[in-house]
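Peer 1: This is the structure, below, for whatever I ask next.
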Amino acid sequence: MLSTPRLQFRHFTPADLDLLYREIYSHPQVAGALSPTGTMSLQQTAFLLRRRLQHWQQHGFGAWALIHKPDQQLVGHCGLHYLETDGGNPSEVELTYTLHPAYWRQGLATEAAEAVLHWGFSTLKLDQIVAVTGPENIASQRVMQKLGMKYEKTMSYNGTKVLYYTIPATEFGKKLTR
């Protein structure tokens, strides 16, 4: 399992559903980033959780639950999965992260994402990792930029316009900014 100074990564379990929905995915600011409708129901959360568990089983990697070490709270997720886009390349691996708003502006998303990128490049031997975010999600764009990811294009993802960032393995770590 991955670990950073402030975060412990662990696999999700079906038992995480209620807490994941109640504490994180139902929060309006989180749901707005995860869903084209701006809301997340318990059923949508269950679908996402099942998909995350299946991705690990099928591919040997996926998104982890993030536990904030100081208070032992589930605060979000971070990991890698295959990007499923409207007409996109299904072989691209996407960095994904979400944190409860109470944990925003503390550098935790960057801390988690940096650990996951390192793992993806060193353990999975990926050549490139991509990430997408909504044009209005400036904080997420800033995380990607801090990690050295570069904006490539605007594209359609799940029927919405997103910004597409990439980082090749050869560039990771060269320009980490905090």
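Peer 1: Which residues, taken from the range 119-144, are over 21 Å from F61 (Cα atoms) and touching a Lys or Arg at 6+ places or on another chain (Cβ under 9 Å)?
Peer 2: Across the range 119-144, the qualifying residues are G134, P135, A139.
Peer 1: Of the numbered conditions (1) over 21 Å from L108 (Cα atoms); (2) at pLDDT 90 or above; (3) out of contact with any Ser or Thr (no Cβ under 7 Å at 6 or more places or on another chain), L17 satisfies every one except a single condition; which is it?
Peer 2: Going through (1) over 21 Å from L108 (Cα atoms); (2) at pLDDT 90 or above; (3) out of contact with any Ser or Thr (no Cβ under 7 Å at 6 or more places or on another chain) one by one, L17 breaks only (3).
Peer 1: Here is a follow-up. Return a yes/no flag: does the range 136-158 have any residue that is surrounded by fewer than 17 Cβ atoms within 10 Å (Cβ to Cβ), within 18 Å of L80 (Cβ to Cβ) and among the hydrophobic types (A, V, I, L, M, F, W, C).
Peer 2: Looking for residues that are surrounded by fewer than 17 Cβ atoms within 10 Å (Cβ to Cβ), within 18 Å of L80 (Cβ to Cβ) and among the hydrophobic types (A, V, I, L, M, F, W, C), one finds none in the range 136-158, hence no.
Peer 1: Only one of these conditions is not met by A109: (1) assigned to a strand (DSSP E or B); (2) in contact with a helix residue (DSSP H, G or I) (Cβ under 6 Å, 6 or more places away or on another chain). Which number is it?
Peer 2: Every listed condition holds for A109 apart from (1).
Peer 1: Inside the range 32-62, can you point out the residues that are among the small types (G, A, S) and either touching a Leu at 6+ places or on another chain (Cβ under 7 Å) or not in a helix (DSSP H, G or I) (or both)?
Peer 2: Here is the first cut: in the range 32-62, the ones among the small types (G, A, S) are 32-33, 35, 38, 41, 46, 60, 62.
S35, G38, S41, A46, G60, G62, listed by residue number.
Peer 1: Step by step: first the residues of the range 87-106, then only those that are open to solvent by less than 70 Å² (accessible area, probe 1.4 Å), outside any strand (DSSP E or B) and farther than 19 Å from L19 by Cα, then the one that is modelled with the highest pLDDT. Which residue is that? Show your work before the answer.
Peer 2: Our first condition is that a residue be open to solvent by less than 70 Å² (accessible area, probe 1.4 Å); within the range 87-106, this holds for 88, 92-103.
Still in the running and outside any strand (DSSP E or B): 88, 92, 100-103.
Going one step further and asking which of them are farther than 19 Å from L19 by Cα, we end up with 88, 92.
Working: G88: 51, E92: 91.
For the range 87-106, the residue satisfying everything is E92.
Peer 1: Shifting gears a bit: List, please: which pairs have Cβ atoms under 8 Å, are six or more places apart or on different chains, and start with a residue in the range 1-23 that is closer than 24 Å to W119 by Cα and without any contact (Cβ under 8 Å) to a residue 60 or more places away in the chain and end with one that is of a type in the set (G, A, S) and open to solvent by 60 Å² or more (accessible area, probe 1.4 Å)?
Peer 2: Note: no pairs meet the criteria.
Peer 1: Regarding the range 32-51, can at least one residue be identified that is touching a strand residue (DSSP E or B) at 6+ places or on another chain (Cβ under 9 Å), open to solvent by less than 60 Å² (accessible area, probe 1.4 Å), modelled with pLDDT of 90 or more and not aliphatic (A, V, I, L, M)?
Peer 2: The answer is no, given that none of the residues of the range 32-51 is touching a strand residue (DSSP E or B) at 6+ places or on another chain (Cβ under 9 Å), open to solvent by less than 60 Å² (accessible area, probe 1.4 Å), modelled with pLDDT of 90 or more and not aliphatic (A, V, I, L, M).
Peer 1: Scan the range 1-31 residue by residue and report those that are assigned to a loop (DSSP other than H, G, I, E, B) and open to solvent by 40 Å² or more (accessible area, probe 1.4 Å).
Peer 2: Initially, the range 1-31 is screened for residues assigned to a loop (DSSP other than H, G, I, E, B), giving 1-2, 4-6, 11-13, 26-27.
M1, P5, R6, H11, T13, S26, H27 - these are the residues of the range 1-31 that are assigned to a loop (DSSP other than H, G, I, E, B) and open to solvent by 40 Å² or more (accessible area, probe 1.4 Å).
Peer 1: Hey, can you tell me all the residues within the range 115-124 that are in contact (Cβ under 8 Å) with a residue 12 or more places away in the chain and open to solvent by 50 Å² or more (accessible area, probe 1.4 Å)?
Peer 2: Here is the first cut: in the range 115-124, the residues in contact (Cβ under 8 Å) with a residue 12 or more places away in the chain are 115-121, 124.
Hits for the range 115-124 are H118, L124.
Peer 1: Hey, can you tell me all the residues within the range 63-86 that are open to solvent by 60 Å² or more (accessible area, probe 1.4 Å), in a strand (DSSP E or B) and within 15 Å of L108 (Cβ to Cβ)?
Peer 2: Residues of the range 63-86 that are open to solvent by 60 Å² or more (accessible area, probe 1.4 Å), as a first pass: 69-73, 82, 84, 86.
If we keep only those that are in a strand (DSSP E or B) as well, we get 73, 82.
Selection gives Q73 alone.
The values are calculated or read from the model by the stated rules, or taken from the named source; none is laboratory data. Small disclaimer: the values here were computed from a predicted structure and weren't measured. For neighbour counting, all protein chains shown are included, and Cβ atoms are generated from backbone atoms with ideal geometry for every residue, glycine included. SASA here: full protein model, heavy atoms, side chains in, ligands and nucleic acids out. Shrake-Rupley method; radii C 1.70, N 1.55, O 1.52, S 1.80 Å.
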